[in-house]
Amino acid sequence: MDIVGNVLPQVLKDEATEDKGEMARLQSFVGAIAVADLVKTTLGPKGMDKILKPTGPGQEMTHITVTNDGATILKSMYVENPAAKILIEISKTQDEEVGDGTTTVAVLAGELLREGEKLIQKRIHPQHVIAGWRIARDVALKTLRDISSENDIESQEFHNDLIKIARTTLSSKLITSDRDYFADLCVKAVLRLKGSSNLDYIQIIKLPGGTIRDSYLDDGFILKKQITIGCKRRIENAKILVANTAMDYDKIKIYGTKVKVNSMDKVAEIEAAEKEKMKHKVDKILKFQPTVFVNRQLIYNYPEQLLADSGITVIEHADFEGMERVAAATGAEILSTFDAPERRDQVLGHCDLIEEIMIGEEKMIKFTGCKKNEACTIVLRGSSIHILDEVDRSIHDVLCVLITTVKNRRVVWGGGNSEMQMAAACEEEAKKVQGKQALAIEAYARALRQIPTIICDNGGYDSAELIQNFKVELQKGNLTSGLNMNDGTVGDMKELGIKECMRVKEQAVMAASEAAELIMRVDDIVKCAPRKRERA
Amino acid sequence: MSLAFDDYGRPYIILRDQGQKKRMKGLEAYKSNILAAKAVANTLQSSLGPKGMDKMLVSPDGDVAVTNDGATIVEKMEIQHPTAKLLVELSQSQDAEIGDGTTGVVVLAGKLLEQALTLLDKGIHPLKISDGFDRACDVAIKHLESIAEEIDIQANDHEALIQAACTALGSKVVSKRKRELGKIAVTAVLDVADLKRKDVNLDLIKIQTKTGGSVEDTRLISGILIDKDMSHPQMQKEVTDAKICLLTCPFEPPKPKTKHNINISNAEDYKKLYQQEQQYFIDMVKLVKDSGANIALCQWGFDDEANHLLLQNDLPAVRWVSGTDVELIAMATGARIIPRFQEITPEKLGKAGSIKEVQFGTSNERMLVIENCQCTKAVTILIRGGSQMIVDEAKRSIHDAICVIRNLIKDNRIVYGGGSAELACALQVLQYADEVSSVEQYAVRSFADALEGIPNCLADNCGLNPITSVAQAKSRQLTEKNPRIGIDCMELGTSDMKEQKIYETLSSKKQQIQLATQVVKMILKIDDVIAPDDY
């Protein structure tokens, strides 16, 4: 370290970097806008898909993913830029919180920053920009809440709303041609949950083969397991005992136990005792008089045979999820001890029919007429695993949106209607605000309006013209107008039946504003020296 | 590296491996140290004040943090220069002792070092400089105490506390919701504060974060939130009038610490052992049940069989509760932590109004909320936000606010912010400087200049002209004899910080000036740096 005069000594570690002021800001803007631009072509009903190809030795061509889902794309990307990471983070949060709108949130944050960059270039201090954005955000959210409508959860209108929302969500996905079919399917599945938000009860089984149209909702519950050989394949009026217990051999759980014997006879005795212990356990199970026995763990031949001999159908190796679902569907208690046969009625699950069915080429077990009718299964069929994966993601998005709607109940018109109305309200507000903040509020409005603009662009329509016409329609007082992406005109959303969940929009606006503000406030980026990784 | 020679002209080694070591001496060492420390202070400088900017920090693993909190910034910068590290520690000790003002302390130290550098150039001995700083520091502290005002923390629904919290939150990304968050922080602290002893145990305030929603969804739970769910999926999800059995022993057969062997040599023993084992589980559950408990919280795991027996006995249970949570629950519910099943007695159970499982978002994450605890002395602040970075920053901000409130409860004297306190001290120190007849006079005067650096920096960050606004404030302080005139950062039209309600705690300001002076003195004492070459 040669210090000559006032040369700055090295303060940070080697390879660590620090960018300040303009440089730092430039880095953030570039990163965030690049991410937003990357996903923006997937937005809207005419959005395109992306192929994600994993890197790393030997996997170049395996496991590729084709998707339209923003969160999936962003999650799988490896980015270095810290601001880009923030955008990915909000997309993930959006996915966890409401399940859909993951692209919108990243694009909106990116557009906000693009507008922000212009303001910075005009020498407006970031804090003023933020102050303006904050005002705009509140106005936008208030408008969003004001224009949303609410229907009673039991009413037919609400049911129709759900179908419309499902259709809207599906329209940007791969299965858009079958959206009516799937919308109906998803709504039925969600309504079965009766207001609970546990997505676990909706099981999705993916089986390659057939076409997407062959997918169906099974009101029973399907377990992707097989009935053990030698048992009945069809049980009517089944009494089900669900257990989580060792049925191979019972380990001695007391610590430090060792078996030490000094003769062959003793070995035989111990073996007999072991067997007897298992027999004892089976006897206890038999006292519950079940007709079906489902265990999480594997079952050895001996107890299996004992159970089968008593005419009990045995299903082994149901994993945790499967077991919990069976228990939830049939109203069974998950047992690990079997000393209270008098609680039989409480602990046994019940369903009208259990049978082994074939879907495609796989054997599965179907439970119909369950005691608690909440669980259901969506069986997805399709020509390849890539399609199935994408359909699965789409269905997941729809289910999440529907559940959120059931919880929140507020809906808004789709087709860019809510964004345009929010933008209009912001512009109105900008006229009343004194000071530089007004410029930022206008910028916020422009960013919001970018969402329908991008949707138009993706559809190959003349966005400048359409958006202007759209604006005029709203100005005239046609508050239900929106983009008709089928023929590239401004249409009436009420007629087209395009609705969206308010909560999704609300979360997207909140998260995008927060993220944009966070990035805007940064004036210094310190990157620590990357950790040295040992080559494995 | 300097070499020494003996009488015969042969060189001899003073330091081991001195060829591989770097050594700096004298003025060169002073300057290098000061420049390094100043580099850190410069980074933090733009974060000061309500319009301060944030820093984006990328960890060695590529994780991103965005923060405005001085202590966090310097900690995550991974500074390696030895003197610069002193500033990191400075910020951290302010954080540990006061919790707020971590940026201010580093900036002040930076300003002091800057002054020291010019003094060194004038040829003043470093020790004289540090002596002068020391004397000036004493004068500043005394003056600070004389201009401090006592506030009534109870008055007007704790308005003063809320304002102080707002001042602390004003510079953070959550400043938009500072009023709401400030209220949450005040309520949280007052809930757990021991006003008689004027003390607050901050362990009783748990800050839990969860991404999703927005910062305004942040709320205060008058109880404890733990990131766990019931051990068996079919246990009841809600317990009212809970009687809590808090265990630190696993629901498993005992494992004595002494090494032992149980030898089984015949079938008879084998059967007995099995029965014994079954009995263990039954006894355990029975002991819990008999005590009248209706929920068991355990620090350890459960055996499957025990788990089911708990369900069968209608005893909801939670396993793997973390150690800190166990202690918190014990304090809140009045439960005794029970290390052995045999020692469960009804008196040792804790009580709470309700315990229930809550679910967030679409992913399957559940948490347990324990509300209306017997001794309500524990609260949780649940922070929500659009992304992990926001939530983390909000957590740090709330922590700062909580610390400020705690300090005010301990000592209700405040000084006014906006740089007014520093300006007042600077004026006082300047007056004192003329009374000093020795070389130290220059150092004392420089100390005053350094103090002025804080309002200077504030004004700069707010986009005001620093020199004009500081000069104005200074002359108004002198002519109006009003130590509350500062920089109008928020452009509210008044420079009187009492009107703007910018409160800072006296203890924090005092600590800032003292700590910064101490560190600067320490740096000024170093005249020789020996370090390995590859540094």
Computed over segment A:321-394: relative contact order in percent, which uses C-alpha pairs under 8 Å that are six or more apart: 27
Per-selection Kirkwood Rh - chain A (Cα, Å, 1 d.p.): 27.1
Interface residues, segment A:70-115 - accessible area loss of 40 Å² or more versus chain alone, probe 1.4 Å: A:Pro82, A:Lys85, A:Ile86, A:Glu89, A:Thr93, A:Glu96, A:Glu97
Size of electric dipole in segment B:210-323: Cβ of Lys, Arg +1 and of Asp, Glu -1, about Cα centre, debye, nearest 20: 320
Cα centroid of segment B:181-240 to Cα centroid of segment B:260-333, whole Å: 29
Of all DSSP beta bridges in the protein assembly as shown, antiparallel share, percent nearest 5: 65
Accessible surface, per residue, of segment A:363-518 when the full set of protein chains is kept, probe 1.4 Å, Å²: 36
Only Lys, Arg (+1) and Asp, Glu (-1) charged, at Cβ; segment B:279-374 dipole about Cα centre in debye: 220
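Could you run the numbers on buried accessible area between B and A, total for both chains, 1.4 angstrom probe, in Å² to the nearest 100?
On the way: alone 25840 and 27300 Å², together 45080 Å².
Roughly 8100 Å².
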Estimated inter-spin distance, B:Thr240 and A:Glu80, nm [label 7 Å along Cα→Cβ]: 6.0
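Could you check what % of the DSSP bridge pairs in chain B are antiparallel, to the nearest 5? List each step's numbers first, then the result.
Details: 41 of 57 bridges.
Antiparallel bridges make up about 70 percent of those DSSP assigns within chain B.
Kindly state, to the nearest 0.05, the FRET efficiency for A:Asn237 paired with A:Asp319, given R0 = 25 Å and r defined as their beta-carbon distance. Write out the running numbers ahead of the final one.
On the way: r = 26 Å, r/R0 = 1.06.
It comes to 0.40.
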Segment A:1-160, Cα convex hull volume normalised per residue, Å³: 199
Ratio of the Cα radius of gyration of chain B to 2.2 N^0.38 Å, where N counts its residues: 1.24
Nearest-0.05 FRET efficiency for B:Ala531 and B:Ile13, computed from C-beta distance (R0 22 Å): 0.80
Summed side-chain charge close to A:Leu119 - residues other than A:Leu119 whose Cβ falls under 12 Å, Lys, Arg +1, Asp, Glu -1: +4
Value of relative contact order over chain B, rounded to a whole percent, pairs C-alpha under 8 Å and six or more apart: 26
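Please state the charge dipole magnitude for the protein assembly as shown, taken about the Cα centre, from unit charges on C-beta atoms (+1 on K and R, -1 on D and E), reported in debye and rounded to the nearest 20. Show your work: numbers first, answer last.
On the way: 138 positive and 155 negative charges, 152 e Å.
Charge dipole of the protein assembly as shown: 740 debye, to the nearest 20.
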Carbon plus sulfur fraction of accessible area for segment B:376-417, probe 1.4 Å, in percent: 43
Among the listed pairs A:Lys266/B:Lys272; B:Lys289/B:Lys351; A:Lys173/A:Lys224, those beyond 18 Å (Cα-Cα): A:Lys173/A:Lys224
Pair A:Ile51, B:Phe5: separation of 7 Å Cα→Cβ label points (nm): 7.7
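If exposed means no more than 13 neighbouring beta carbons inside 10 Å and the site is in a DSSP loop, what's the longest run of chain B without any exposed GluC sites (Glu not before Pro)? Walk me through the intermediate numbers first.
Working: sites that count: B:Glu435, B:Glu491.
That gives B:1-434 as the longest site-free run.
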Inter-label distance for A:Leu26 and B:Lys356, nm, one decimal - labels placed 7 Å from Cα along Cα-to-Cβ: 5.5
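What accessible area per residue comes out for chain B, rounded to a whole number of Å², with a 1.4 Å probe?
41
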At q = 0.07 Å⁻¹, base-10 log of I(q)/I(0) for the protein assembly as shown (Debye sum, equal scatterers on each alpha carbon): -0.81
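Considering only DSSP beta bridges with both partners in chain A, what is the antiparallel share in %, to the nearest 5?
Values: 37 of 54 bridges.
If we restrict to bridges inside chain A, about 70 percent are antiparallel.
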Those residues of segment A:493-536 for which accessible area with every protein chain present is at least 30 Å² below the isolated value (1.4 Å probe): A:Met510, A:Glu514, A:Leu518, A:Arg521, A:Val522, A:Asp523, A:Asp524, A:Val526, A:Cys528, A:Arg531
Mean ellipticity per residue at 222 nm, deg cm²/dmol - from DSSP H runs of n ≥ 4 across chain A, formula -39500 (n - 2.57): -16000 deg cm²/dmol
Candidate lysines for bridging to A:Lys476, where Cα separation is under 26 Å - those fewer than 8 sequence places away on the same chain excluded: A:Lys142, A:Lys164, A:Lys431, A:Lys432, A:Lys494, A:Lys499, A:Lys505
Calculated FRET value between A:Gln156 and A:Ser177, using beta carbons and R₀ = 30 Å, to 0.05: 0.65
Share of carbon and sulfur in the accessible heavy-atom surface of segment A:26-137 [1.4 Å probe, %]: 58
Label-zone membership for segment B:172-213, site B:Cys375, 7 angstrom Cα→C-beta point, backbone N under 20 Å: B:188-207
Contour excess over end-to-end distance, with Cα ends at A:Leu353 and A:Glu495 and 0.36 nm allotted per residue: 46.7 nm
Diffusion constant of segment A:277-397 at 25 °C, which comes from Stokes-Einstein with the Kirkwood Cα-pair radius and 0.890 mPa s, µm²/s: 151
Filtered chymotrypsin sites (Phe, Trp or Tyr not before Pro), segment B:201-307: DSSP coil and at most 13 other beta carbons within 10 Å: B:Trp300
Degrees between helix B:126-147 axis and first principal axis of chain B (Cα, 0 to 90, nearest 10): 70
Positive-pole candidate from B:Gln374, A:Met48, A:Val292, dipole of the protein assembly as shown, charges at beta carbon: B:Gln374
Those residues of segment A:167-216 for which accessible area with every protein chain present is at least 10 Å² below the isolated value (1.4 Å probe): A:Ser197, A:Asn198, A:Leu199, A:Asp200
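The values are calculated or read from the model by the stated rules, or taken from the named source; none is laboratory data. These numbers come from a predicted model, not from an experiment. Cβ coordinates were reconstructed from backbone atoms using ideal geometry, including for glycine residues, and neighbour counts include every protein chain displayed. These accessible areas exclude ligands, DNA and RNA; they are computed on the full protein's heavy atoms, side chains included. Shrake-Rupley method; radii C 1.70, N 1.55, O 1.52, S 1.80 Å.
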